[in-house]
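Asker: Got a structure for you, written out below as structure tokens; questions coming shortly.
The values are calculated or read from the model by the stated rules, or taken from the named source; none is laboratory data. For clarity, every value in this text was computed on a predicted model and none was experimentally measured. Here the Cβ positions follow ideal geometry from the backbone for every residue, glycine too, while neighbour counts run over all protein chains shown. These accessible areas exclude ligands, DNA and RNA; they are computed on the full protein's heavy atoms, side chains included. Shrake-Rupley method; radii C 1.70, N 1.55, O 1.52, S 1.80 Å.
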Amino acid sequence: MKIKLDKSNHPIESNISLISRRSFFKLFGAGTAASAMYGCGTKTSKTSESQSGSRTDEPPKDKMTCRSNPNTGDTVSLLGYGCMRFPTRKKEGSEEEEIDQELVNQLIDYALAHGVNYFDCSPRYIQGMCEGATGRALARHPRNKFFIATKMSNFDPEKQKRENSIKMYRNSFKELQVDVIDYYLLHSIGGGGMANFNARFIDNGMLDFLKEEREKGTIRNLGFSFHGDVEVYDEMMRWHDEGKVHWDFVQIQLNYVDWQNLNNNKSTDAHYLYDELHRRGIPAVIMEPLLGGRLATLPQYLFLQLKTRRPEESAASWAFRFAGTPDGVLTVLSGMTAMEHLQNNLWSYSPLEHIDKQEDELLAEIAKEYQKYPLVACTNCQYCMPCPYGLNIPGVFMYYNKCVNEGSVPSSSQDKNYRKLRRNFLVGYDRALESIRQADHCINCNKCVPKCPQRIRIPREMRRINDFVEMLKQGKDFGEASGQK
Amino acid sequence: MLRKLRISLAFIVFVLMMLLFFDFTGTFHRFFGLLAKVQLMPAILAVNTVIIIALVLLTLLFGRIYCSVICPLGVLQDLISHFSKRGKKRPFNYSKPLTLLRWTIFAAFALLLVFAANYAALIEPYSVFGRIAANIFAPVYKAGNNVLAFFAEKTNSHAFYTTDVWLKSGITLGIAAVSLIVVGFMAWKYGRLYCNSICPVGTVLGLISRFSLFKPIINLEKCTTCGACARKCKSQCIHPKEHTIDYSRCVSCFNCLEACEQDAMKFKFSSNKAPENANRPENKDFSRRSFLSIATAFVAGSTLKAQEDAVDGGLAAIEKKKRPRRTTTLVPPGAQSLRNLNRHCTACGLCISACPNNILCPSNKIEMLMQPEMNYERSFCRPECTECSSVCPTRAIRKLTKEEKSSLQIGHSVWLRQNCLAVRDEINCEACEKHCPCGAISRVPLAADKPDSVKIPVVDTERCIGCGACEYYCPARPFAAIYVEGHENHKFI
């Protein structure tokens with residue numbers, strides 16, 4: 001999900017993006033504006049004083065809050081670049097997607113210029129094109145200006161064979177065009193319990209292999225990212241305590257909704273995960289601070305509560321400030337697709353304004369309310385895709401969530417404007433997704449379920465959404481008055 | 001005055017009639033569905049005595065005003081003739097009636113009507129118009145709608161939504177195109193020649209209109225025999241020298257009234273003298289030509305390609321479904337039986353245009369060419385939808401209520417073991433069971449002695465209504481593992 005700017009700010013924001021993009025082109029534009037190199041770079045520092053108020057210019061370059069990694073002494077920017085949502089475009093004359101490298105270069109250049117120095121990749125992201133694109137963009141900068149993070153993404157049983165896992169590891173260096181990887185992660189452990197963990201890292205000796213690589217210095221920090229079964233997390237902590245393996249850092253999902261999750265068990269309770277790390281002095285890398293963009297587009301009622309407190313800040317900025325506030329956090333990752341996302345996020349951390357006690361209480365309240373909405377917890381990470389039966393799983397969830405957030409889901413056939421809502425929902429559904437990609441085509445094969453890091457029971461959600469769509473299509477009575485649903 | 005009234009009425013009827021065939025949203029049918037039902041041939045097939053008597057009375061009163069105002073094909077010809085400037089730059093002149101040809105064709109038509117109504121429909125004016133509108137003009141209209149939908153989407157408006165434009169039947173499109181060319185050519189060159197030589201409705205109404213009470217009458221005292229009326233007569237039925245009008249061919253268009261500067265032509269009540277036109281020469285030459293041109297309709301095909309489905313990069317490619325071979329053709333609920341549909345359907349295609357689920361298309365089978373059949377590659381027959389049965393003007397598809405529709409069995413599902421994903425790939429697929437609206441499909445273990453083995457669907461054919469949800473949703477491609485076999489006779493369960 002793309003991070004969206006709040007609508008109320010839109011005229012101003014689009015204005016900045018115009019100005020800043022123009023000056024940006026002057027700074028980094030290839031060829032055309034070369035004579036203006038760094039010409040207006042100094043302008044920003046003057047206006048940066050007003051950054052806590054309305055934003056009239058681009059974010060400051062020298063105000064990024066940084067954290068120190070106790071293991072290696074790395075000074076890491078609080079905003080980390082998640083490279084899983086780079087802009088793509090259709091290849092010419094083909095339906096295939098390719099990375100829009102020109103835009104990626106612009107984004108990475110801009111991020112580096114504004115103090116972002118942590119780049120998080122995986123061999124799996126963006127249909128396998130993530131590492132190559134990041135490598136190409138970063139190769140144009142000095143190696144000591146950035147930290148690279150990538151992962152052992154051996155989910156596929158075929159990839160779990162030792163030689164294939166090692167091949168994946170080696171290939172990352174080639175794609176990223178580096179000799180040393182600063183942060184290397186066992187990608188998304190927890191799903192499938194210890195059995196799956198053992199198959200991926202113990203039985204094939206990959207964990208030992210990676211520890212050796214760290215000894216050699218090819219990997220500077222070894223850690224893991226976690227989703228799912230908390231038993232695995234606890235086991236990893238135990239190993240750390242026993243000295244079986246030293247975790248230099250751990251990547252967890254943390255945001256104000258997951259901080260104390262009411263709907264799930266403690267496995268996704270970020271509070272618990274973070275405390276375990278903090279106790280041991282392990283730096284935490286934060287993922288999903290925005291829940292895949294969902295916290296950037298809140299339901300109107302909640303959104304206004306935040307706006308009332310800080311009229312000039314976006315909903316997203318609250319989520320970023322929340323994720324960045326605990327001091328055990330090394331960096332907060334955000335998958336930024338457009339320049340506007342990047343700028344908005346830079347503002348949130350240049351520098352970070354801590355969430356105070358009052359604000360913390362407000363966010364806890366918002367989180368509580370938020371979880372009452374019938375949203376699907378999808379973060380559009382695409383791990384479930386491609387669905388073998390052609391569904392666009394995240395697409396269905398994104399559309400449904402969007403309608404819930406906008407309040408455009410009819411809650412009852414007695415609604416005043418039921419007919420209009422019904423039509424808009426159905427027409428919009430067909431626009432968002434081809435009919436053969438819609439929820440009704442789910443056959444409940446359950447192949448997607450183990451792939452989902454958010455542990456969404458995808459077929460069940462598909463059925464729930466389709467039942468709703470069918471009800472609208474058939475024009476059935478539903479809702480409070482008729483006592484159904 | 002009368003002429004202007006005729007033109008205005010005809011224009012309104014024509015536009016509404018076109019919309020009736022264009023509309024895919026189910027809006028117009030409710031209001032203007034009657035327009036299709038007052039067409040003579042559908043009324044006869046539906047044995048709608050009220051309308052038949054009304055039309056006969058109308059013709060007895062005012063002549064063939066039906067052909068000028070109510071018949072959409074007649075108005076279409078007038079439009080074409082208007083653009084050809086015939087009657088203006090190139091005046092019409094009297095031509096002799098083609099009585100023998102007319103009645104020969106009529107006899108053939110009547111014979112066909114009894115034995116193969118769909119072939120009789122090849123020259124039946126309402127269904128000829130229907131096919132032209134549905135197969136040639138409607139796709140243009142829909143494409144226009146899709147352009148609007150594209151812009152509506154850009155501006156976040158929900159006023160228009162995209163609809164599928166697809167080739168429903170190449171053969172029928174070919175027939176429609178040939179009809180348009182033949183009728184168009186005749187109208188361009190000879191005005192209402194089609195109506196007065198080929199059209200069976202014209203022939204029947206001509207028989208009545210000879211005795212109509214009101215008709216154009218030439219006042220011999222005022223007439224200067226200038227021939228202005230004959231030059232404007234698109235039916236070519238006014239003989240200016242003999243001062244006679246062939247009322248069997250006159251379509252009461254009133255063009256002659258305005259053409260006459262002497263005020264000698266009046267549309268008025270006249271006691272019924274026997275019509276004056278006595279001479280009925282034959283014209284075999286023409287008949288052969290027209291027969292040949294109609295015959296070409298059978299062989300004309302089309303090479304139009306269906307719109308290809310677009311597939312995104314991150315999404316699995318989905319193979320298109322192929323039609324299963326059904327032993328018995330599936331026909332719409334309300335058709336009662338294959339025989340009833342076959343006998344009563346004029347193949348106008350109104351039901352096909354009206355189907356919101358894109359499951360009806362003109363048949364390519366010889367015995368029911370152009371008549372509607374059902375296929376489930378694009379969707380299934382929603383039990384709550386009764387569109388086709390409510391628009392049919394001939395009662396080839398009888399009107400159904402939602403309740404009747406959902407308990408009407410038009411076919412039953414057949415499971416094909418070798419295609420089923422459960423058997424082929426051991427996947428616990430529940431698509432067919434999940435979507436069956438009448439609970440006719442259950443799943444049982446593949447191996448009877450192993451309750452944990454993958455489950456396969458079993459069909460309770462007594463409860464199955466043949467809606468095709470299972471066939472449409474079956475993930476086996478290109479051929480579904482469960483498909484609907486049609487029934488000769490539909491029945492309520």
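Asker: Does the stretch B:451-458 contain any residue that is open to solvent by 40 Å² or more (accessible area, probe 1.4 Å) and either outside the structural domain of B:MET374 (by TED's automatic domain parsing) or among the acidic types (Asp, Glu) (or both)?
Answerer: Within the stretch B:451-458, one or more residues are open to solvent by 40 Å² or more (accessible area, probe 1.4 Å) and either outside the structural domain of B:MET374 (by TED's automatic domain parsing) or among the acidic types (Asp, Glu) (or both).
Asker: Here's a follow-up. Those residues that are of a type in the set (Ser, Thr, Tyr) and either assigned to a loop (DSSP other than H, G, I, E, B) or within 14 Å of another protein chain (Cβ to nearest Cβ) (or both), I need them from the stretch B:457-493; list them, please.
Answerer: If the condition is that a residue be of a type in the set (Ser, Thr, Tyr) and either assigned to a loop (DSSP other than H, G, I, E, B) or within 14 Å of another protein chain (Cβ to nearest Cβ) (or both), then B:THR461, B:TYR472, B:TYR473 are the ones that fit.
Asker: Restricting to the stretch B:365-392, what's the tally of residues that are within 14 Å of chain A (Cβ to nearest Cβ) and outside any helix (DSSP H, G or I)?
Answerer: 11
Asker: Please state which of the following conditions A:TYR383 fails to meet, knowing it meets all the rest: (1) within 11 Å of chain B (Cβ to nearest Cβ); (2) surrounded by 15 or more Cβ atoms within 10 Å (Cβ to Cβ); (3) hydroxyl-bearing (Ser, Thr, Tyr).
Answerer: With (1) within 11 Å of chain B (Cβ to nearest Cβ); (2) surrounded by 15 or more Cβ atoms within 10 Å (Cβ to Cβ); (3) hydroxyl-bearing (Ser, Thr, Tyr) applied to A:TYR383, the lone miss is (1).
Asker: Anything in the stretch A:119-140 that is without any contact (Cβ under 8 Å) to a residue 60 or more places away in the chain and among the charged types (D, E, K, R)? List them, or say none.
Answerer: A:GLU131, A:ARG136, A:ARG140
Asker: Something else about it: Among the listed residues A:VAL396, A:VAL449, identify the single one that is over 30 Å from A:ASP62 (Cβ atoms), without any contact (Cβ under 8 Å) to a residue 12 or more places away in the chain, touching a helix residue (DSSP H, G or I) at 6+ places or on another chain (Cβ under 9 Å) and within 14 Å of another protein chain (Cβ to nearest Cβ).
Answerer: Checking each option against the conditions leaves just A:VAL449.
Asker: Looking only at residues in the stretch A:416-427 that are out of contact with any Phe, Trp or Tyr (no Cβ under 6 Å at 6 or more places or on another chain) and within 7 Å of chain B (Cβ to nearest Cβ), which one is least open to solvent (accessible area, probe 1.4 Å)?
Answerer: It comes out as A:ASN424.
Asker: How do the pairs read when you match residues in the stretch A:173-198 that are of a type in the set (D, E, K, R) with residues anywhere that are open to solvent by 10 Å² or more (accessible area, probe 1.4 Å) and modelled with pLDDT of 95 or more, using Cβ under 7 Å and keeping only pairs 6 or more apart or on different chains?
Answerer: A:ASP179/A:PHE173; A:ASP182/A:PHE147; A:ASP182/A:ARG220
Asker: Among the numbered criteria (1) within 14 Å of chain B (Cβ to nearest Cβ); (2) open to solvent by 20 Å² or more (accessible area, probe 1.4 Å), which single criterion is violated by A:GLY407?
Answerer: Here A:GLY407 meets the rest and fails (1).
Asker: Could you check how many residues of the stretch B:115-131 are open to solvent by less than 10 Å² (accessible area, probe 1.4 Å) and out of contact with any Ser or Thr (no Cβ under 6 Å at 6 or more places or on another chain)?
Answerer: The number of residues fulfilling the criteria is 8.
Asker: Moving on. Is it the case, given these coordinates, that A:LEU391 is within 14 Å of another protein chain (Cβ to nearest Cβ), under 29 Å from B:CYS432 (Cβ atoms), assigned to a helix (DSSP H, G or I) and not charged (D, E, K, R)?
Answerer: When the stated conditions are applied, A:LEU391 does not pass them.
Asker: Pick from B:THR163, B:THR172: which is assigned by TED's automatic domain parsing to the domain that holds B:LEU40 and either in a loop (DSSP other than H, G, I, E, B) or more than 17 Å from the chain's Cα centre (by Cα) (or both)?
Answerer: B:THR163
Asker: State all residues of the stretch B:240-266 that are open to solvent by 40 Å² or more (accessible area, probe 1.4 Å), outside any helix (DSSP H, G or I) and at negative phi; if no residue qualifies, say none.
Answerer: B:LYS241, B:GLU242, B:GLU261, B:GLN262, B:LYS266
Asker: A:THR308: without any contact (Cβ under 8 Å) to a residue 24 or more places away in the chain, of a type in the set (Ser, Thr, Tyr) and over 19 Å from A:HIS187 (Cβ atoms), yes or no?
Answerer: The answer is yes for A:THR308.
Asker: I'm checking my understanding of the structure. Among residues of the stretch A:82-138 that are more than 15 Å from A:MET336 (Cβ to Cβ) and among the small types (Gly, Ala, Ser), which one is nearest to the chain's Cα centre (by Cα)?
Answerer: Out of the qualifying residues, it is A:SER122.
Asker: To continue, here is another question. I'm trying to understand the selection: among the residues of the stretch A:309-353, which are surrounded by fewer than 20 Cβ atoms within 10 Å (Cβ to Cβ) and basic (Lys, Arg)?
Answerer: Across the stretch A:309-353, the qualifying residues are A:ARG309, A:ARG310.
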